[in-house]
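Trainee: The structure follows.
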Amino acid sequence: MSLHAILEQHWQRPKWWLTPLLWPLARLFQALAALRRYAYARGWLQQQHLPCAVAVVGNIHAGGVGKTPITAALASGLRARGVAVGIVSRGYGRRSKEVLLLDQYSRAADVGDEPLMLWRQTGVPVAVGAQRFQAAQALLAAHPETQLILCDDGLQHYALARDWEIVVFPAADVARRLDLLPNGGLREPLSRLHTVDALVVSQGSADDVARLRQNQGLPPQLLVCASRIRAGRLYRLNTPAHTVTAGELAGKPIAALAAIARPQRFFDALRDLGLPPVLCKALPDHAELTPADLPVAEIVIITEKDAVKLAAYDLPQVWVLPIEAHTEPDLVEWLWRCWRVRQAA
């Protein structure tokens, strides 16, 4: 078992013998993280400002917590309200180190699977780069009409100045005792939640929101939403117009593949739709895919994130399950109102 796998198990079910070894390292990590943030706050490290509004969608956890569906919902919702939106991302797992603006020729290997999925889902301009400011400059150069940039997964990227910080927090961790890396899965302490502008409890309920408010003593003015994932109509790979309902596939032998952070959520979603897979195959998050990785089955269902990596192949047996994030209260409405206030100032 790899060291990373051992640590992840420890984060979920702490091992008594590991805690005393890792606790001092977590305190060192916490001190360094606090010092870095303080250096930006004091101006010792320079923040770079863009000529348009910036909203960061991030997390204090290491790993996936459901940020990308929130980013997609914000981009689509704001665009529908007439806001010219763009998205910048690091493009985790991509081979290229260049700043790239996505287009119809972009490949997941070059720009990252999540940015490419966001570009296809939302239709808004997307740019990737390790330095988000440079990515945003490239986006604005190509689309000077952009009024608001969403920074996908950039909470700790303090070099980019931001107007609003939106943190996604998994409902499964609301009542758990959490620590910083490497003794736990946090990149910043829970106290960081007090300084953000909005908090989204992913896969959560109103009870989870109330429990998180109480446990962390969150300020009453802080917007805290519960988000749920809703499945859309299944569509054939590379043919989004060819859709079917779950009922049309029910009763047929189905396999499922997912190369995402929490594949069990995807498999459970299929079961909830009445499509229990006879075979589930999970691969590491952001793993490259080829047809050889697919389970052998008459019907294979995959995620939209994985679909962008198989777009170059003709695979008629592959169907894609799209998902959308919905928040209560409405996060899109909140950000739209915040943006209007900024525009009027």
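Bear in mind that the values in this text are calculations on the coordinates, not laboratory data. What you are looking at is a predicted structure, and each value in this text was computed from that prediction instead of being measured. Here Cβ is always computed from backbone atoms with ideal geometry, including for glycine, and neighbour counts include all displayed protein chains.
Trainee: Loop-only check: which chymotrypsin sites (Phe, Trp or Tyr not before Pro) in the range 285-345 are DSSP coil with at most 13 other Cβ within 10 angstrom?
Mentor: Of the chymotrypsin sites (Phe, Trp or Tyr not before Pro), the ones in loops of the range 285-345 whose Cβ has at most 13 other Cβ atoms within 10 Å are TYR313.
Trainee: If you don't mind, another one. With a/c under 1.5 counting as rounded, go ahead and sort the range 201-345 into rounded, prolate or oblate using the C-alpha gyration tensor (a ≥ b ≥ c being the square roots of the eigenvalues; past the cut-off, prolate if a/b is larger than b/c, else oblate).
Mentor: Note, shape of the range 201-345 comes out prolate.
Trainee: Okay, next question. From the Cα gyration tensor of the range 1-94, with a ≥ b ≥ c the square roots of its eigenvalues, which class applies: rounded if a/c is under 1.5, or else prolate if a/b is larger than b/c, or else oblate?
Mentor: Oblate shape, in that a/c is at least 1.5 and b/c is the bigger or equal ratio.
Trainee: Cα to Cα, under 30 Å, and not fewer than 8 places away if on the same chain: which lysines meet these conditions relative to LYS67?
Mentor: Those lysines meeting the cut-off are LYS15, LYS97, LYS281, LYS305, LYS309.
Trainee: Give a quick list of GluC sites (Glu not before Pro) in the range 255-345 that DSSP marks as loop, anything other than H, G, I, E or B, with at most 15 other Cβ atoms within 10 Å.
Mentor: GLU288, GLU298
Trainee: A further question on this structure: List the residues whose amide H sits under 5 Å from the amide H of LEU289, counting only those 5 or more places along or on another chain, with H placed 1.01 Å from N in the peptide plane.
Mentor: Those qualifying (amide H under 5 Å, at least 5 residues apart or on another chain) number zero.
Trainee: Now for a separate question. Within the set of other residues whose C-beta is less than 13 Å from the C-beta of PRO295, count the net charge using Lys and Arg as +1 and Asp and Glu as -1.
Mentor: -2
Trainee: Would you mind calculating the relative contact order of the chain from Cα pairs under 8 angstrom and at least 6 residues apart, reporting the percent as a whole number?
Mentor: 19
Trainee: If packing is taken as the average count of other Cβ atoms within 10 Å, what order do 178-184, 142-148 fall into, highest mean first?
Mentor: Per-residue mean Cβ counts within 10 Å order the peptides as 178-184, 142-148.
Trainee: Here's something else I'd like to know. Given charges of +1 on the Cβ of Lys and Arg and -1 on the Cβ of Asp and Glu, with all other atoms neutral, how large is the dipole of the range 284-345 about its Cα centre, in debye to the nearest 20?
Mentor: 460
Trainee: Next question, about the same structure. Looking at the chain, what % of its DSSP beta bridges pair antiparallel, to the nearest 5?
Mentor: 25
Trainee: Please list, ordered by chain and number, the residues whose modelled amide H lies under 5 Å from the amide H of CYS225; skip anything fewer than 5 residues away on the same chain.
Mentor: Close amide H contacts, sequence-distant or interchain: LEU199, VAL200, VAL201.
Trainee: Quote the charge dipole size of the range 49-138 about the Cα centre in Debye, to the nearest 20; the model charges only the Cβ of Lys and Arg (+1) and of Asp and Glu (-1).
Mentor: So the magnitude is around 80 debye.
Trainee: Something else now. Among VAL300, VAL99, VAL278, determine the one that fluctuates most according to a GNM of the chain built with springs between C-alpha atoms less than 10 Å apart.
Mentor: Of VAL300, VAL99, VAL278, the Gaussian network model singles out VAL278 as fluctuating most.
Trainee: List the residues, sorted by chain then number, that are 5 or more residues from GLN48 or on another chain and whose placed amide H is less than 5 Å from its amide H.
Mentor: LEU160, ALA161
Trainee: Of the residues ARG13, ARG228, ARG81, which exhibits the maximal mean-square fluctuation in a Gaussian network model of the chain defined by a 10 Å Cα contact cut-off?
Mentor: Per the Cα network of the chain with a 10 Å cutoff, ARG13 tops the list.
Trainee: Calculate one ³J(HN,Hα) per residue across the range 297-311 by plugging θ = phi - 60° into the Karplus curve 6.51 cos²θ - 1.76 cosθ + 1.60, and present them in order as whole Hz with x for glycine and proline.
Mentor: Values per residue, Gly and Pro as x: 6, 5, 10, 10, 10, 10, 8, 5, 4, 7, 4, 5, 8, 10, 5 Hz.
Trainee: Find which of ALA172, PRO24, ALA136 sits farthest along the positive direction of the dipole of the chain, computed with +1 on the beta-carbon of Lys and Arg, -1 on that of Asp and Glu, about the Cα centre.
Mentor: It is PRO24.
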